[in-house]
Amino acid sequence: MTDFGLAIRNFVGPGEVPDIDAIYGYAQRAEALGFESLWAWDHILLGVEPSFPIIDSITTLGAVAARTTRIKLGTGVLVLPLRNPVVAAKALGSLDVISKGRLVLGVAAGWYAREFDAVGVPFKGRGKVFERNLDILMKLWTQERVTLNADGFNLREAVMVPRPVQRPRPPILVGGYVDAVLKRAGTVGDGWLTYFYTPESFTKGWAKVQAFAREAGRDPKDLRSTNQLAIYVGSSREQTTADMRQWLSTEWDVAAWSESTIEHAIHGSPAQCVEQLKAHVATGVDRIILIPYRYQPEQVERIAKEVLPKL
């Protein structure tokens, strides 16, 4: 069975300002309507002219955690190399405690070189930094004492308490597109999180993740998959096409080296949206994170009442 989550509007277009009160109302309504999870975007710096305003993902989810009780809270995705892994382990572990065990950690190696330069992290070595940071974070969450001396990190019987509520730790989904990332998802993480993939592209990528897991002696059935999809429920595909294309082409990035595409978009009448989503559900995907058109509250209502019940 596929779960359905919603993306949070902590990331907005140039010239706009994230509306925290709107985020609170959106999150509470999502929980009331029965959505499985809420997902925050993550960047520290993004763009110059134009620049894209974004509220920190961990801070956003902490605020949402205080105003909800059941819905899971995910990072979709946290750029892990940009953060000191010990500090990240503390912040994210605290979020799991504050939310009483609702964190789902999506992590990726990142793509925006200017952001890495600003933080002082080598962009070309981000894959190795990602793996190191993830290893340290996992150790601090699962081991009573951590002793490690590498790359300037000198942990001497380090004890990080309180531990996350979830045992042995919150689930970790690895985001990205290339084979090296898919291998990490299958061998190190608890699954894969991708973005703007068609059912066909998702199926190919997920098969690779599962193959890497089997090669490593892991059971692919223990892994979970997630795909992020934009959706616009209107009167017809003709009515929604131009607006959806304009929104996706001006406010969203599609990685040229991936199979992500704005053509993935779910849009049209409720019945047409149902049919398009059925093709994604048929891939066996465990979770779909929906990005409602411009995060409009009426879109959230239509998705919950006119689309999801028919899946």
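The values are calculated or read from the model by the stated rules, or taken from the named source; none is laboratory data. The shown structure was predicted, so the numbers you read here are calculated from the model rather than taken from an experiment. When we count neighbours, we look across all protein chains shown, and the Cβ atoms used for this are built from the backbone with ideal geometry, even at glycine. Side chains are part of the model used for accessible areas, which takes the heavy atoms of the whole protein and leaves out ligands, DNA and RNA. Shrake-Rupley method; radii C 1.70, N 1.55, O 1.52, S 1.80 Å.
Here are the numbers:
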read-out	value
Extended-chain gain in nm, criterion 0.36 nm per residue less alpha-carbon gap, residue 296 and residue 203	30.5 nm
Cut-off under 5 Å, modelled amide H: who pairs with residue 77 long-range	42
Share, in percent, of DSSP beta bridges within the range 79-175 that are antiparallel, nearest 5	50 percent
Efficiency of FRET from Cβ geometry, residue 147 and residue 19, R₀ 41 Å, rounded to 0.05	0.35
Label-point separation in nm, residue 135 to residue 117, each point 7 Å along Cα→Cβ	2.9 nm
Those chymotrypsin sites (Phe, Trp or Tyr not before Pro) in the range 228-311 that DSSP places in a loop and that have at most 12 other beta carbons within 10 Å	257
Set of lysines near residue 305 by C-alpha distance (under 26 Å), chain-local residues within fewer than 8 positions excluded	72, 278
Farthest positive-ward along the chain dipole, Cα basis, beta-carbon charges - from 213, 292, 84	213
Anisotropy class of the range 218-311 from Cα gyration tensor, a/c 1.5 cut	oblate
Relative contact order (%) - criterion: Cα under 8 Å, at least six apart; region: the chain	17 percent
Top of 288, 98, 71 by mean-square fluctuation, Gaussian network on the chain, Cα under 10 Å	98
Residue-span extension gain [residue 275 to residue 33] - 0.36 nm each, minus C-alpha spacing	85.0 nm
Computed [θ] at 222 nm, helices only, for the chain once each DSSP H run of length n ≥ 4 contributes -39500 (n - 2.57)	-12000 deg cm²/dmol
Protein accessible area in the range 7-159, 1.4 Å probe - carbon and sulfur %	53 percent
Net +/- balance of residues flanking residue 78 in space, Cβ distance below 11 Å, scoring K and R +1, D and E -1	-1
Top positive-direction residue, dipole computed over the chain with Cβ charges, set 99, 240, 37	99
Residues of the range 182-297: accessible area per residue with a 1.4 Å probe, Å²	41 Å²
Heavy-atom accessible area per residue - the range 1-106, 1.4 Å, Å²	38 Å²
Gyration tensor (alpha-carbon) shape descriptor, the range 1-47, a/c threshold 1.5	oblate
Simple Cβ-charge dipole of the range 90-134, Lys/Arg +1 and Asp/Glu -1, about Cα centre, in debye nearest 20	80 debye
Residue 142 - accessible surface, heavy atoms, 1.4 Å probe, Å² rounded to 10	70 Å²
17 Å Cα-Cα reach of residue 90 towards lysines, excluding residues that sit fewer than 8 places from it in its own chain	100, 139
Top of 66, 91, 150 by mean-square fluctuation, Gaussian network on the chain, Cα under 10 Å	150
